[in-house]
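Enquirer: Submitted below is the structure of interest, expressed as structure tokens.
The values are calculated or read from the model by the stated rules, or taken from the named source; none is laboratory data. Being a predicted model, the structure only gives us computed values, none of them experimental. Every residue, glycine among them, receives a Cβ derived from its backbone with ideal geometry; neighbour counts consider all protein chains shown. Please note that ligands, DNA and RNA were not included when accessible areas were found on the heavy atoms of the full protein model with its side chains. Shrake-Rupley method; radii C 1.70, N 1.55, O 1.52, S 1.80 Å.
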Amino acid sequence: MNDSLAKNPSLHPIRVVAMRTGIPQDLIRAWERRYQAVVPERSETGRRVYTDQDVERLKLLKRVVGAGRRISDVADLDIGTLKTLIAQDMSEQDAAKPTVVAMGAAEDRPAQLLAQSLLAIENLDRQQLEKALADAAVELSAPHMRQQLIVPLLYTIGERWRDGSLRIVQEHMASAIVRSTLSTMMGRSDQRAPKILITTPAGQHHELGALMAAAAAVEAGWNVEYLGPDLPAEEIAAGVRHVGAQAVALSVVYRDKDLTLQAEIQKLRSYLDPDIPIFIGGRAVMSLSEALAVDGAVFPRDMSEFQDHLASLGR
Ligand code: B12
């Protein structure tokens with residue numbers, strides 16, 4: 001590595017900062033982008049480099065935010081003031097309930113953001129929905145944002161669409177904004193990492209699960225080739241060969257009654273090298289996993305199990 005990172009032991013890449021502070025990389029970047037909570041230097045190759053002071057600052061910010069304060073209120077405080085705040089919060093912890101109440105409020109945040117998002121969708125208010133999701137990206141870690149906000153939001157939209165209390169136009173607006181939020185959350189892959197190709201099989205038009213899987217795979221350290229939805233087996237196999245992917249992940253959200261899906265998965269298996277695993281997830285998989293079971297098909301129960309598989313494969 002021919003840049004300042006390798007030469008200076010008191011400068012750290014974002015991966016190390018995330019490990020030392022316990023703050024996910026995307027949240028560190030969001031705090032920087034939106035609030036300039038830390039402003040890292042760039043290495044000669046353009047990567048963010050953080051000083052020991054940045055690391056300390058982030059640890060302190062994490063503590064004050066954990067005690068219920070909003071990052072927007074504290075991001076520009078200096079290290080001394082942050083330490084004073086923490087000391088005050090700690091000394092008042094026994095006597096006063098506010099810290100506990102504030103932490104409770106922080107824990108309810110996904111529920112508040114969900115309510116705001118639904119209201120914005122009801123009102124067809126694009127800006128409000130974008131704002132709720134942007135706030136969530138700053139305040140929640142990426143996995144929490146997906147599991148505690150985006151997934152419940154999509155399920156609620158589905159229920160309300162079915163019972164007629166939301167219109168298709170409202171669902172479409174929400175899907176479009178969630179789609180672009182998830183694409184942003186996916187971030188950039190490490191080009192040297194092992195490759196995984198992610199898509200949905202032919203006939204499956206729901207792509208948000210595939211995008212969530214893509215973001216999870218990037219977080220697990222894989223180089224993701226994301227191809228959007230509705231791809232025939234021949235094209236998936238051509239894509240795998242072209243980019244040299246070592247694994248494929250498919251999202252299956254719609255439980256269609258015809259047998260297209262089963263046939264597509266079987267074709268894909270026959271086109272791919274036998275040691276390339278095919279991960280299949282999505283709400284329709286539970287009831288279809290027997291029908292879709294081909295050699296090398298893996299049905300992770302959730303995203304973290306998917307990430308565990310990727311971690312052991314990538315070693
Ligand atoms: C948005 C939406 C649409 C949008 C999709 C837009 C887009 N760009 O993706 C559009 C308008 C295209 C659409 C179309 C249709 N939809 Co629709 N749609 C939805 C809605 C509201 C959200 C879908 C979604 O993204 N869900 C979130 C997903 C990601 O959740 P999930 O599958 O549980 O996934 C979780 C895990 O399983 C995992 N996961 C997902 N994928 C993967 C992959 C891997 C590898 C791993 C490890 C994990 C994993 O991660 C998620 C998080 O935990 C759902 C409601 C719902 N409950 O999902 C209805 C829903 C799925 N749709 C439904 C229907 C009926 C349709 C249509 C038939 C409507 C129509 N008459 O045309 C078509 C079918 C299109 C097709 N052939 O695929 C039904 C499906 C019923 C069924 N039989 O399966 C639902 C459930 C609505 C309902 N309540 O009835 N839809």
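Enquirer: Cα-based count: Lys pairs in the chain below 27 Å, eight or more positions apart or different chains?
Expert: Number of lysine pairs found: 10.
Enquirer: If you take the square roots of the eigenvalues of the alpha-carbon gyration tensor of the chain and sort them as a ≥ b ≥ c, do you get rounded (a/c under 1.5), prolate (a/b over b/c) or oblate?
Expert: Here the chain falls in the oblate category.
Enquirer: Within a Cβ distance under 15 Å of D73, other residues only, what is the Lys/Arg minus Asp/Glu net charge?
Expert: Every neighbour counted, the sum reads +1.
Enquirer: Then there's this: For the stretch 109-234, what class follows from the C-alpha gyration tensor (a ≥ b ≥ c being the square roots of its eigenvalues): rounded when a/c is under 1.5, otherwise prolate if a/b is larger than b/c, else oblate?
Expert: Since a/c reaches 1.5 but b/c is at least a/b, the shape of the stretch 109-234 is classed as oblate.
Enquirer: Follow-up question, since we're still on this one. How would you classify the stretch 214-267 from its alpha-carbon gyration tensor, with a ≥ b ≥ c the square roots of the eigenvalues: rounded for a/c under 1.5, else prolate if a/b is greater than b/c, otherwise oblate?
Expert: oblate
Enquirer: Moving on. So what does H205 come to for accessible area, using a 1.4 Å probe and Å² rounded to 10?
Expert: Taking all protein chains as shown, H205 has close to 130 Å².
Enquirer: Can you give the local net charge around E56? Use residues other than it whose beta-carbon is closer than 12 angstrom to its beta-carbon, Lys and Arg +1, Asp and Glu -1.
Expert: Once all neighbours under 12 Å are counted, the net charge is +3.
Enquirer: Next question. Could you tell me what fraction of 2.2 N^0.38 Å the Cα radius of gyration of the stretch 207-315 comes to, as a two-decimal ratio?
Expert: This ratio for the stretch 207-315 stands at 0.98.
Enquirer: Could you work out the local net charge near T199, counting Lys and Arg as +1, Asp and Glu as -1, over the other residues with Cβ closer than 10 Å to its Cβ?
Expert: Charge balance near T199 sits at -4.
Enquirer: Sticking with this structure for a sec: Taking θ as phi - 60°, what are the ³J(HN,Hα) couplings along the stretch 217-224 by the Karplus curve (6.51, -1.76, 1.60), each to the nearest whole Hz, with x for Gly and Pro?
Expert: Whole-Hz 3J(HN,Hα) from phi for the stretch 217-224: 5, 4, 4, 7, x, 9, 8, 9.
Enquirer: Considering only protein heavy atoms, with the full assembly of protein chains and a 1.4 angstrom probe, order D275, D256 by accessible area, largest first.
Expert: Sorted descending by solvent-accessible area, the residues read D275, D256.
Enquirer: Okay, moving on. Y155 to Q53: FRET efficiency via 1/(1 + (r/R0)^6), r the Cβ-Cβ distance, R0 51 Å, to the nearest 0.05?
Expert: The value I calculate is 0.75.
Enquirer: I'd like the carbon and sulfur percentage of the solvent accessible area for the stretch 223-291, probe radius 1.4 Å, heavy atoms only, ligands and nucleic acids excluded.
Expert: 51 percent
Enquirer: Let me ask another. How do V240, V16 rank by accessible surface area computed with a 1.4 Å probe, from largest to smallest?
Expert: So the residues, ranked largest to smallest area, are V16, V240.
Enquirer: Using helices alone, I'd like the mean residue ellipticity at 222 nm for the chain: each DSSP H run of four-plus residues gives -39500 (n - 2.57), total over residue count, nearest 500.
Expert: Mean residue ellipticity at 222 nm (helix-derived): -17500 deg cm²/dmol.
Enquirer: Express in whole angstrom the spacing between the alpha-carbon centres of the stretch 242-287 and the stretch 177-219.
Expert: If you average the Cα positions of each part, the centres end up 15 Å apart.
Enquirer: Hey, another quick one. Spin-label point model (7 Å from Cα, Cβ direction): what's the E290 to D230 distance in nm?
Expert: Simple spin-label model gives 3.1 nm for this pair.
Enquirer: Select from E159, E171, E139 the residue whose mean-square fluctuation is largest in a Gaussian network model of the chain (Cα-Cα springs shorter than 10 Å).
Expert: Of E159, E171, E139, the Gaussian network model singles out E159 as fluctuating most.
Enquirer: Throw me the Rg/Rh for the stretch 161-221, computed over C-alpha atoms with Kirkwood Rh, two decimals.
Expert: A ratio of 1.09.
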